[in-house]
Amino acid sequence: MSLAVIGVNYRTAPVAVRERLAFVDADLPRAVAEIRSLPGVNEAALLSTCNRTEIYCDLESADNSEPVRWLTDYHGLCDRDVAPYLFRHTEPEAVRHLLRVAAGLDSMVLGEPQILGQIKAAYRAAVAAGGAGKTLNRLFQHSFAVAKRIRTDTAIGSSPVSVAFAAVRLAQQIHGELRDCTALVIGAGDTIELVTVHLHQNGLGRLIVANRSIERAQQLAGRFAGYAITLADLHLHLAEADVVISATASRLPILGKGAIETALRQRRHRPMFLVDIAVPRDMEPEIGELDDVYLYTVDDLDSIIDENVRSRQVAALQADEIVATQTHHFLEWLRANDAVETVTRMRRRTESVRDAILASARRQLGNGADPDEVLTMATNKLVNKLLHEPTVRLREAGAEGRTEIIDAAIELFGIDRER
């Protein structure tokens, strides 16, 4: 068995590729079940966020390519569309990767905490779909504990940095003070909630929250004295917005070029600042071609993020030391677990041989055979059966000069090395 992680992230693939490989939360259980049913896949979990789509699996063979083939087929893509952007890690790198992702060390915003909640949701989906067994259960639980320790023992989360924070900082660079601005946020999930927190903390004048569910929109807007609308009413309020920040799970764009053109005319071409944090994108890329529009995607936030990363570099070095140690600890458990499983299979096999010989001996005794002869024959047969395969392998190893096999046999059976 071999642990592996396969996928794309913001380091390996642009947003145009990531959005084509993204999954909505509702699809995760079915997707995990499909991966788990692939040949040679023992366990599986799927993590999909705006910055990454990653398949974690326990494989019979480290070079199993079935998950990659499934990922491209699921999204109706060709290998050439995906292959240049894919990464693949096997243990120990697969273990190290998940620990770093859970701690926010592999995030676009170094140390951001939202990813841990997303990993926990992915893990719950894997459990619900029957994809997480003994190995992935242990790995994900270990990643949660390591992430908690890193946030406790280092300063990785000491400053409020996130994609949401970066978006608000960029809005300030475009509009200056936000107290005279109206912001329209689209969606009501964790990212948009964090956006509204940062907008409020930076003195936003007016807030509009748009969401498919008006109840969710009202709940979020009410916390910040905002106004709630449905997505169907977006066109009625778009012209009011100086700042538009969107992060939904929609598979199709919510805002098109035409809607923004209409809003700009109503605004008499006062500039609009738009940030599309969603993957797949909520805003048509063509919007960026319009005058008086500043359109940014998650990939465009790099420069803002870099400014905030510097204060976390020392903490990240400390965190990576913890990750290295904890990766080693997990691999020790994994190897020990492999040994336990090997011992279990070995016992099962020897007990099967014993039971067959014992049954034969009982039949002979029942037929009146001499007990001494039966016992002698049974024990000789047991020895021969148990030692046949190891004897053949040792002779082959000796003929091929593979002394490490012979040394291992001496150690395993506690054989005196005297000649």
query = With charges set only on the Cβ (+1 for Lys and Arg, -1 for Asp and Glu), what does the dipole of the chain come to about its Cα centre, in debye to the nearest 20?
reply = 880 debye
key: the chain: equivalent-ellipsoid semi-axes (sqrt of 5 x gyration tensor eigenvalues, Cα, Å)   = 60, 22, 18
Linear extension gain, residue 381 paired with residue 344, 0.36 nm per residue minus alpha-carbon span = 11.1 nm
task = Using label points projected 7 Å from each Cα along Cα→Cβ, tell me how many nm separate residue 318 and residue 218, to one decimal.
result = 4.7 nm
request  = Report the full-extension gain for the segment residue 236 to residue 399: residue separation times 0.36 nm, less the Cα-Cα distance, to one decimal in nm.
outcome  = 50.3 nm
query = Of 50, 181, how do they rank once you tally other Cβ atoms within 10 Å and put the fewest first?
reply = 181, 50
note = Taking a label point 7 Å from the Cα of residue 90 along Cα-to-Cβ, the residues of the stretch 67-82 whose backbone nitrogen sits under 15 Å from it are 67-68
request  = Considering Cα pairs under 8 angstrom that are at least six residues apart, work out the relative contact order of the stretch 2-158 and quote it in whole percent.
outcome  = 29 percent
query = Going by average Cβ neighbours within 10 Å, how do the peptides 100-107, 246-253, 208-215, 71-78 rank, with the highest at the top?
reply = 100-107, 208-215, 246-253, 71-78
Amide N of the stretch 113-135 lying under 20 Å from the label point, which is placed 7 angstrom from the Cα of residue 333 along Cα→Cβ = 116-128, 130-135
task = Measure off 7 Å from each Cα along the Cα-to-Cβ vector at residue 148 and residue 365, then give the distance between these two points in nanometres to one decimal.
result = 5.5 nm
query = Which ordering of 196, 350, 152 is given by a fewest-first count of other beta-carbon atoms within 10 Å?
reply = 152, 350, 196
inquiry  = Among 289-295, 9-15, how do they line up by average Cβ neighbours within 10 Å per residue, starting with the highest?
reply    = 9-15, 289-295
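Every read-out reported here was derived from the displayed coordinates using simple, explicitly stated rules and does not represent laboratory data. Predicted, not measured: the structure shown is a model, and the values here were computed from it. Because the Cβ atoms are built from the backbone with ideal geometry, glycine has one as well, and the counts that use them run over all protein chains shown.
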